[in-house]
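The values are calculated or read from the model by the stated rules, or taken from the named source; none is laboratory data. Computed from a prediction, not measured in an experiment: that's the story for all the values here. Neighbour counts are summed over all protein chains in view; Cβ atoms, including those assigned to glycine, are modelled from backbone coordinates with ideal geometry. Heavy atoms of the whole protein, side chains included, go into the accessibility calculation; ligands, DNA and RNA do not. Shrake-Rupley method; radii C 1.70, N 1.55, O 1.52, S 1.80 Å.
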Amino acid sequence: MREPTYYILASLLDGPLHGYALIKRSEDLSGGRVRLATGTLYTALDRLAAEGYVRLVSEEIVNGRVRRSYGLTDPGAAALRAEAVRMAEAARIVSDGTAARSSRRARPERGSGQVTGSGTARSGRKARTA
Amino acid sequence: MSDVESRARWLLRFYPAAYREDRAEEILGTLLEASPEGRHWPPFRDARSLLIGGMRARSAENRRLPLGTNLRLALILGLAIFLALHPATLMTVQPFWPGAAYEACGLLMIATIVATWFAPRAVTIAIALVTAVALGLLARHMDGRNLAGVASFILAPVALAAAVATEPVRPPRSWLWLPAAAGVSSILVYLQNAVVDLSARLSSIAGSAAAVIYLGLLAAIFVWLVTDARPLLALVIALGLAIEPDVAFGALRYGASGPQAIVALVPVVLAALALLRMRRKAVVAAPR
C-alpha cells in the first residue's frame, strides 16, 4: 500500500469525510508529508471505491455544489490494519535493534561488548512482553 | 464565476464527459476549497493532478470494453479512414475513369462513413455493400497494375459491413474528426496535383496544407496512445490497406526489394505496438 493510500484510509478511521477534509486530515496525520493534490485524491478514491475499501456515505449541497462524503468499509479497515501491522513489524527490526544486532554480530568484536549486550537485553524484554 | 473557478472548469475538461457529468461539481468544490483566496489560477500541483487524473479516467473508460469490441471498433475506424482517404486521390491516379461513375462512388464512400456513425446498423451495412458493388463495377475499367489496389477498395466496405454487423457498439463521436481530416487532406492533395487548373502558388499551398494535416493527424494519434491505442491501430489498418496490396503485388510481379520490405514492415510494427498497449490495458481492467 502506498503512503497516500494509507493516509487516506487512516483519515477515515474516525468517520466519513468529504474531499477537502480528507486532504487536510491526511496532511495533519502525516505531519505535513502527504499533501494530496485534488486530482490525485479523486483518482485514489475511485480506485479505493472499486476495490471496495471506501464507499460513498452521504451527499449534501454546499454553495450550490454537491459535496460527497466517503467512509471506510470493513475490508478497507482490515486492509489498513494489516498494513499497519506490516509496517510496525518492519519498524521493529530497526527500532529494537534486531537488524543492528545481527549486523554487529557479523562484524569482528571491537571492544563494544557492553553496547551489544544492552541491545540484546532490551530486545529480549520487548519480545517477551509482545 | 471567479477566475479560479472558470480555469478549474477548463482543467476538468481533461476528464471524459461521462465522468465530468457525475463528478465535476464535487471535484470543483474541493479544488476551490484547496485554492488560497485571491488567486487567479488553481495551484500548479492541483492543475497537474487534474491533467494526470483526467488521462487516467479516460484510459480507464477506454479499457472498460472487452478486447474484441475494441479491436472491431479500431477496424471500423481504420476502414473509415481508408475510405475517406480515397474519393479525391483516386481521381488523380485514374483520371480516365468515367467521371460521373467515379463521383457516385466517391459519394457512396462518404455516405458509408457518415452512416457508420449516425445511421442504424442495417442501413450502414446496406450502404457499405452497395459501395463495394459500385467499386467492383468501376474496377472493370482499371488496368492490371492497379488490380491489387482495387481489391482493397472492394474489401474495405465489405469488411466494414461485417464489422458493423457483428459489433453493436458504435465508434465514439470523438473519432469522427479522423476520417474527416483524412478526407480533407486527400482533397487538398487532389487540388495540388492540378487535375483542377490551379495556379502554381495555390497548388503548393494546398500541398503544404495537406502535409500539415497529415503530420498533425499522425502526431495526434501518437499522443492519443496515452489514453487510447485504438486510433493508432485504426491508422495502421488504413495505411496497411493502402500500402500492403501494392507492395505485395509489386513483389509478386517484380520481386521484393529491401525498401519495399521496410515499407511493408512499418504497419506491422506499429500494429504490434498498438495491440500490446491494448492488451496491457485489458489485463489491468480485469476484475480483481
Scanning region A:44-65 residue by residue, those within 19 Å of the chain's Cα centre (by Cα) and within 8 Å of chain B (Cβ to nearest Cβ) turn out to be A:GLU51
If you check B:THR131 against the conditions, is it at pLDDT 85 or above, polar (S, T, N, Q) and open to solvent by less than 40 Å² (accessible area, probe 1.4 Å)?
yes
Within region B:33-65, of all residues that are under 33 Å from the mean Cα position of the chain (by Cα) and among the hydrophobic types (A, V, I, L, M, F, W, C), the one farthest from B:LEU275 (Cα to Cα) is B:ALA47
Among the residues of region B:169-194, the number that are modelled with pLDDT under 80 and open to solvent by 70 Å² or more (accessible area, probe 1.4 Å) is 2
Expected output for region A:31-43 (first residue farther than 16 Å from B:PRO43 by Cβ and at the interface with chain B (Cβ under 7 Å from one of its Cβ atoms), partner aliphatic (A, V, I, L, M) and open to solvent by less than 70 Å² (accessible area, probe 1.4 Å), Cβ below 9 Å, 6+ apart or cross-chain) is A:THR43/B:ALA57
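Can you find a residue that is of a type outside the set (Lys, Arg) and within 14 Å of chain B (Cβ to nearest Cβ) anywhere in region A:86-93? Steps first, answer last, please.
First pass over region A:86-93, keeping only residues of a type outside the set (Lys, Arg): A:87-91, A:93.
Pick out the ones that are also within 14 Å of chain B (Cβ to nearest Cβ) and you get none.
Checked region A:86-93: no residue is of a type outside the set (Lys, Arg) and within 14 Å of chain B (Cβ to nearest Cβ).
In contact (Cβ under 8 Å) with a residue 24 or more places away in the chain, open to solvent by 30 Å² or more (accessible area, probe 1.4 Å), farther than 26 Å from B:ALA182 by Cα and more than 9 Å from every other protein chain (Cβ to nearest Cβ): is that true of B:ARG39 in this structure?
Values: in contact (Cβ under 8 Å) with a residue 24 or more places away in the chain: yes; open to solvent by 30 Å² or more (accessible area, probe 1.4 Å): yes; farther than 26 Å from B:ALA182 by Cα: yes; more than 9 Å from every other protein chain (Cβ to nearest Cβ): yes.
Yes, satisfied.
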Residue pairs qualifying under the 7 Å Cβ cut-off, at least six apart or on distinct chains, with the first in region A:59-81 being free of Cβ contacts under 8 Å to residues at least 60 places away in the same chain and the second being part of a strand (DSSP E or B) and acidic (Asp, Glu), are A:VAL66/A:GLU59; A:ARG67/A:GLU60; A:ARG68/A:GLU59
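Looking only at region A:1-22, filter to residues that are within 17 Å of the chain's Cα centre (by Cα) and open to solvent by less than 10 Å² (accessible area, probe 1.4 Å); which one of those is nearest to the other protein chains (Cβ to nearest Cβ)? Reasoning before the result, please.
The initial filter retains those residues of region A:1-22 that are within 17 Å of the chain's Cα centre (by Cα), namely A:1-15, A:22.
If we keep only those that are open to solvent by less than 10 Å² (accessible area, probe 1.4 Å) too, we end up with A:8-9, A:11-12, A:22.
Values: A:ILE8: 13, A:LEU9: 17, A:SER11: 14, A:LEU12: 15, A:LEU22: 9 Å.
Applying the filter and picking the extreme gives A:LEU22.
Residues checked against (1) surrounded by 17 or more Cβ atoms within 10 Å (Cβ to Cβ); (2) among the acidic types (Asp, Glu):
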position	(1), (2)
B:GLY216	no, no
B:ASP228	yes, yes
B:LEU232	yes, no
B:LEU276	no, no
Restrict the check to region B:50-62 and report whether at least one residue is at pLDDT 90 or above, facing chain A (nearest Cβ under 9 Å) and open to solvent by 30 Å² or more (accessible area, probe 1.4 Å).
-> yes
